[in-house]
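Take a look at the structure set out below.
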Amino acid sequence: MLNSIIYEDAHGTNQLEIEAMLAAKGKIFLTEDIDAENASSVIKAMMVLADDNTPITLYIDSCGGEIRSGLSIIDAMEMLSKKVDINVVCMGKAYSMASLILAAGTKGHRYIMPHGEVMMHEPLVVNGAAGSASSVRNQADSLIAIRDKMSEMLSAYTGLSTEEINAIMHANTYMDANEAIKTGMVDMIIKEL
């Protein structure tokens, strides 16, 4: 994997980290499963850019991940969007929690590549429900509350009703670029980065 570029100039041989070069230009990548560690990295990079009034473009190619970590990215996006536009680009896949992050970008600045794909579904129990009947019921109630919160958020981002969102999320629903536009998850297809 190419992580840095080595070049020579009048001062000798230099090495630049690709991620750092792109981040300095406002380009941040979310290309792994969403967890606390990479959510923290994305949020820190966005904060630095927003403090410098640099427009942010978040490129997404992720299968999703942890709900709370994804929501922390969205909280940061909503907070920082008061300073700068938060452009989002689906450049492969935006599945599960990544689809919610995609939809949370600044309206009019949510993009998808021609072969991008979005997938939405209800929150899942990752390791299976365990414990007493009361504990399992509490887990189920918590999942339903999270689903309802996600439906409300997606309704605000897309313009669809919560009932329409719930119907879409009832099963794994895959959308190509045109379908993602029709549902309001993104605003337009782009062919250039």
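Quick notes on this one:
- Between amide H atoms placed 1.01 Å from N, distances below 5 Å from Gly64 occur with Ile34, Tyr95, Ala98, all of them 5 or more places distant or on a separate chain.
- Taking 20 Å as the cut-off, the amide N atoms of region 64-105 that come nearer than this to a point 7 Å along the Cα-to-beta-carbon line of Glu164 belong to 96, 99-105.
- Antiparallel DSSP beta bridges within region 23-189, as percent of all bridges there, nearest 5: 15 percent
- The value of relative contact order for the chain, using C-alpha pairs under 8 Å at least six residues apart, is 17 percent.
- Straight-line reach from Lys93: taking Cα to Cα under 20 Å and skipping same-chain neighbours fewer than 8 places apart, the lysines in range are Lys27, Lys107, Lys182, Lys191.
- In nm, spacing of pseudo-spin labels at Asp52 and Thr13 (7 Å Cα→C-beta vector): 2.7 nm
- At 0.890 mPa s and 25 °C, Stokes D of region 11-72 from Kirkwood alpha-carbon radius, µm² per second: 195 µm²/s
- Separation between Cα centres of region 36-75 and region 141-193, rounded to whole Å: 19 Å
- Once you divide the Cα radius of gyration of the chain by 2.2 N^0.38 Å, the number left is 1.12.
- Taking each residue as 0.36 nm, the span from Lys25 to Arg137 lengthens on full extension beyond its C-alpha to C-alpha distance by 35.6 nm.
- Using a Förster distance of 35 Å, the FRET efficiency for Asp75-Asn178 (Cβ separation, nearest 0.05): 0.70
- Over region 57-150, equivalent-ellipsoid semi-axes from the Cα gyration tensor in Å: 29, 15, 9
- Long hydrophobic helices in the chain: the complete DSSP H runs spanning 24 Å or more by Cα along their own axis with mean Kyte-Doolittle hydropathy of at least -0.5 are 133-158.
- Structure-based [θ]222 nm, the chain - -39500 (n - 2.57) summed over DSSP H runs of at least 4, per residue, nearest 500: -13500 deg cm²/dmol
Laboratory data are not the source of any read-out in this text; all were calculated from the coordinates shown. This one's a predicted model, so the numbers in the text were calculated from it and none came from an experiment. For neighbour counting, all protein chains shown are included, and Cβ atoms are generated from backbone atoms with ideal geometry for every residue, glycine included.
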